[in-house]
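Heads up, the thing below is written out as structure tokens.
The values are calculated or read from the model by the stated rules, or taken from the named source; none is laboratory data. Quick caveat: nothing in here was measured; it's all calculated off a predicted structure. Note that each Cβ is placed from the backbone with ideal geometry, even for glycine, and that neighbours are counted across all protein chains shown. SASA here: full protein model, heavy atoms, side chains in, ligands and nucleic acids out. Shrake-Rupley method; radii C 1.70, N 1.55, O 1.52, S 1.80 Å.
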Amino acid sequence: MRLFPLFLFLLAVLAAMAACSGGGGADDDQAVDDDVDDDADDDQVDDDLDDEVDDDTDDDIDDDLDDDVDDDVDDDVDDDVDDDVDDDVDDDADDDVDDDIDDDLDDDVDDDTVAAPLYIYAVDPARGGASVDTPVTITGDGFAAGLVVAVGGTPALNVQVLSATTATAVFPAVDLTTCGFKTVYVTLGGQSDTLVDGFEYFFDEDPVVFVHGFLGGGGDFDTMVQRFRDLGYPDDYLEAIDFSDNAQSNVDSAEELPALVDAVLARTGRERVDMVAHSMGGLSSRYWIAQLGGGDKVRDYVSLSGTQHGNWEACLVWPFYESARELCPAYADEGQTDNDVQFILNGDPDELDVDETPFGVENGGALYYHAMWAGLDEVVIPSTSACLNQSFVDDCSDPINVEAPLTFHMQMLTSDFVWGNVRDWLRAHNVSKP
């Protein structure tokens, strides 16, 4: 009985389900279509969403990849920069270390150089002429590059170190007034040593003999003698003759010269003198050179307004003095004057048939001739008589002849222009510069 009601309930349910299936078919199809469309739409949405998600994901992935690449690049760049900086720092450090090592080595070398004791033992030669540069060899110890040498406070020239014990140098010429012994100094780094009186500058000029003219005397040369003293010439090297007769024959005057010249050479130890002659002294001194053996005792001969070819003015006193008769007439030929002095020394006045400068360097001798004539000479007439090596009357073309312009006869002894030439001529040649 209890099963029957259950059976009825099941029938009712089946009936209801049948009713629903039969009466609502279209609706159900529509519903199904709608459901399908909805599903399609939902699928499209889902696809779109998936695409967007995928795009976003791809973008994120790309961004992440880019970021990773950038990070890697940045890291690489940073690493390279760091490496370069490190390398530079290392190089600088290495360079500093190398420099320090080099400096230490240099200091060690310098210390070794300075540590060697510096000494000077000798100079060879130990003396030299004051007027010339003197090459010397210096011996000592501790010599090295940079050695400085001085003599009497004057730096030596061309110092060359040949070894630790030998050096060469040139001691320069000095003023004649500073002749004498000098201390030689050597200096290297912080060290120095001296050789007291290690070198002597000796006076190397020739002694000078002055020869006066007609009616003159040794005092005529006082100004010039003093100028030589001021240059550094000792008094023993300056001698002005006073002839026993200042108007005597030129031959007689020439014969007085040998004794005086020999005395000067003996006291100075020289082999030659320089000779400066004025006016008629030019003729008498040249006669001694040419005829009486003076040619090998003179180095430089200077004639100032010399009456080398006579003097017309001497004719004014011709009757009173033999010397005047030797000078008058000017440019005399053979037999025209007493003693034929002019002809013996000059030959024919119209040609160069006699050597007017015997023993001269131009002919292989050792004697230098110089002749000056005064442009305003009022005593020697003509003034060109003073010139030497004349091929004809008034010929002053030879280079040994020099005019003193606007200068009178006695001014030749005091003129600055004349003095400058005389000084230079005599100092150009000496025992050190023959």
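When the accessible area of the stretch 114-198 is split by element with a 1.4 Å probe, what percent falls to carbon and sulfur?
On the way: 2280 of 4070 Å².
About 56 percent, which is the carbon plus sulfur part of the accessible surface.
DSSP loop GluC sites (Glu not before Pro) in the stretch 300-344 with at most 10 other Cβ atoms within 10 Å of their Cβ, which ones?
Passing both the DSSP loop test and the Cβ count: no residue.
Once both labels are modelled 7 Å past Cα along the beta-carbon direction, what's the ASP296-ALA259 spacing in nm?
That separation, rounded to one decimal, is 2.3 nm.
Starting from the eigenvalues of the Cα gyration tensor, five times each then square-rooted, give me the equivalent ellipsoid semi-axes of the stretch 172-259, largest first, whole Å.
After scaling each eigenvalue by five and taking roots: 44, 12, 7 Å.
Give me log10 I(q)/I(0) at q = 0.10, 0.17 Å⁻¹ for the stretch 113-270, Debye formula, one equal scatterer per alpha-carbon, no solvent.
Rounded to two decimals, the profile gives -0.52, -0.92.
Report ³J(HN,Hα) in whole Hz for each residue of the stretch 420-431, in order, from the Karplus equation J = 6.51 cos²θ - 1.76 cosθ + 1.60 where θ = phi - 60°; Gly and Pro get x.
x, 5, 4, 4, 5, 4, 5, 7, 6, 9, 6, 5
Please compute the per residue accessible area over the stretch 306-398 with all protein chains in place, 1.4 Å probe, rounded to a whole number of Å².
42 Å²
For the stretch 338-401, what is the convex hull volume of the alpha-carbon atoms per residue, in Å³?
Once divided by residue count, the hull of the stretch 338-401 is 94 Å³.
Starting at the first residue of the stretch 312-327, write each ³J(HN,Hα) from the Karplus equation 6.51 cos²θ - 1.76 cosθ + 1.60 with θ = phi - 60°, in whole Hz, x for Gly and Pro.
4, 5, 5, 5, 5, 10, 3, x, 9, 9, 5, 4, 5, 6, 7, 9
Can you send over the carbon and sulfur percentage of the accessible area for the stretch 274-341, probe radius 1.4 Å, protein chains only?
48 percent
Using heavy-atom solvent-accessible surface (probe 1.4 Å) with all chains present, what is the largest-first order of LEU215, LEU157, LEU188?
Sorted by accessible area, descending: LEU215, LEU157, LEU188.
Quick one: order ARG423, ARG299 from most to least accessible surface, probe 1.4 Å.
These residues rank, largest area first, as ARG423, ARG299.
What does a probe at ARG127 reach in the stretch 193-230, counting residues whose amide N is under 17 Å from the point 7 Å along Cα→Cβ?
196-207
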